[in-house]
Amino acid sequence: MKKSDRITAPRLWLVITRSYRVLSLLAEQSIANAGLGLTDFAALEALLHKGPLTISQIQEKVLLASGSMTAAVDRLEKLGLVVRKASPSDRRARVVELTVEGKRLAASCFEQHAKDLEALMSALSEKEMEQLYGSLKKLGLLAAEKLDEEQTRVRSSQERATK
């Protein structure tokens, strides 16, 4: 392998980010073809696979800001796709649940979205997908660990500065 062919960390980062960008755009296009926005789809998908959830639980599953999630649930409620109900375990909380129409739409949209993603990933063999999955998971876990260490260091530094 020539030195110019060597896969350096910056070169790999560039390939990962470019791939992620175009794959994300195609995934969002798949969702848009179903007539939904990304946030609405994410909420429906979480409710479809996890069952009734509070807005904060949906937010944790789809990693969105609470204002965005509340707006999405409001939209979905107006469309008759979800209902808010009192939580049986916490009278302060409201649980969001799919309606019959919401379940039908969520299942249909998710099925088509999954087919679209399968078509995209068909460029890889099953073995390549397993290897990529394992490698990206390993990289993501290490990055999350480093981020947590850095955030802990910064908080500790800030606490010392305020004493």
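The values are calculated or read from the model by the stated rules, or taken from the named source; none is laboratory data. Nothing here was measured: the structure is a model prediction, and the numbers come from that model. Cβ placement follows ideal geometry from the backbone for every residue including glycine, while neighbour counts extend to all protein chains displayed.
Take the residues in segment 61-78 that are exposed (fewer than 14 other Cβ atoms within 10 Å of the Cβ) and either at pLDDT 90 or above or among the hydrophobic types (A, V, I, L, M, F, W, C) (or both); name whichever of them is farthest from T39 (Cα to Cα).
Of the residues in segment 61-78, the ones exposed (fewer than 14 other Cβ atoms within 10 Å of the Cβ) are 63, 65-67, 74, 78.
Restricting the remaining residues to those that are either at pLDDT 90 or above or among the hydrophobic types (A, V, I, L, M, F, W, C) (or both) gives 63, 65, 74, 78.
Values: L63: 10, A65: 10, D74: 12, K78: 15 Å.
For segment 61-78, the residue satisfying everything is K78.
For residues that are of a type in the set (A, V, I, L, M, F, W, C) and more than 15 Å from the chain's Cα centre (by Cα), tally how many sit in segment 5-34. Show your work before the answer.
Residues of segment 5-34 of a type in the set (A, V, I, L, M, F, W, C): 7, 9, 12-16, 22-23, 25-27, 31-32, 34.
Next cut, more than 15 Å from the chain's Cα centre (by Cα) only: 7, 9, 12-16, 22, 32, 34.
The qualifying residues number 10.
Based on this model, can you work out whether L124 counts as out of contact with any Gly (no Cβ under 7 Å at 6 or more places or on another chain) and either surrounded by fewer than 12 Cβ atoms within 10 Å (Cβ to Cβ) or part of a helix (DSSP H, G or I) (or both)? Step through it out loud before you land on a result.
Numbers: out of contact with any Gly (no Cβ under 7 Å at 6 or more places or on another chain): yes; either surrounded by fewer than 12 Cβ atoms within 10 Å (Cβ to Cβ) or part of a helix (DSSP H, G or I) (or both): no.
It is false that L124 is out of contact with any Gly (no Cβ under 7 Å at 6 or more places or on another chain) and either surrounded by fewer than 12 Cβ atoms within 10 Å (Cβ to Cβ) or part of a helix (DSSP H, G or I) (or both).
Consider A143 carefully, then state whether it is outside the structural domain of V15 (by TED's automatic domain parsing) and surrounded by 10 or more Cβ atoms within 10 Å (Cβ to Cβ). Give the derivation first.
Values: outside the structural domain of V15 (by TED's automatic domain parsing): yes; surrounded by 10 or more Cβ atoms within 10 Å (Cβ to Cβ): yes.
Against the criterion (outside the structural domain of V15 (by TED's automatic domain parsing) and surrounded by 10 or more Cβ atoms within 10 Å (Cβ to Cβ)), A143 qualifies.
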Picked from segment 99-121 (must be loosely packed, with under 15 Cβ neighbours inside 10 Å and under 16 Å from the mean Cα position of the chain (by Cα)), the residue farthest from F41 (Cα to Cα) is L117
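If you go through segment 51-66 one residue at a time, do you hit one that is closer than 30 Å to S135 by Cα and touching a Leu at 6+ places or on another chain (Cβ under 8 Å)? Reasoning before the result, please.
Of segment 51-66, the ones closer than 30 Å to S135 by Cα are 57-65.
From what is left, the residues that are touching a Leu at 6+ places or on another chain (Cβ under 8 Å) are 58, 61.
Within segment 51-66, one or more residues are closer than 30 Å to S135 by Cα and touching a Leu at 6+ places or on another chain (Cβ under 8 Å).
For every residue, the table says whether it meets (1) assigned to a strand (DSSP E or B); (2) closer than 29 Å to T39 by Cβ.
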position	(1), (2)
V83	yes, yes
F110	no, yes
D116	no, yes
Q131	no, no
D148	no, yes
Q151	no, yes
R155	no, no
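Residue by residue, here is whether (1) crowded, with 16+ Cβ neighbours inside 10 Å; (2) in a helix (DSSP H, G or I); (3) at pLDDT 95 or above holds:
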{"position": "I7", "(1), (2), (3)": "no, no, no"}
{"position": "R18", "(1), (2), (3)": "no, yes, yes"}
{"position": "R21", "(1), (2), (3)": "no, yes, yes"}
{"position": "S24", "(1), (2), (3)": "no, yes, no"}
{"position": "Q29", "(1), (2), (3)": "no, yes, no"}
{"position": "L36", "(1), (2), (3)": "yes, no, no"}
{"position": "L47", "(1), (2), (3)": "yes, yes, yes"}
{"position": "Q57", "(1), (2), (3)": "yes, yes, no"}
{"position": "G80", "(1), (2), (3)": "no, no, yes"}
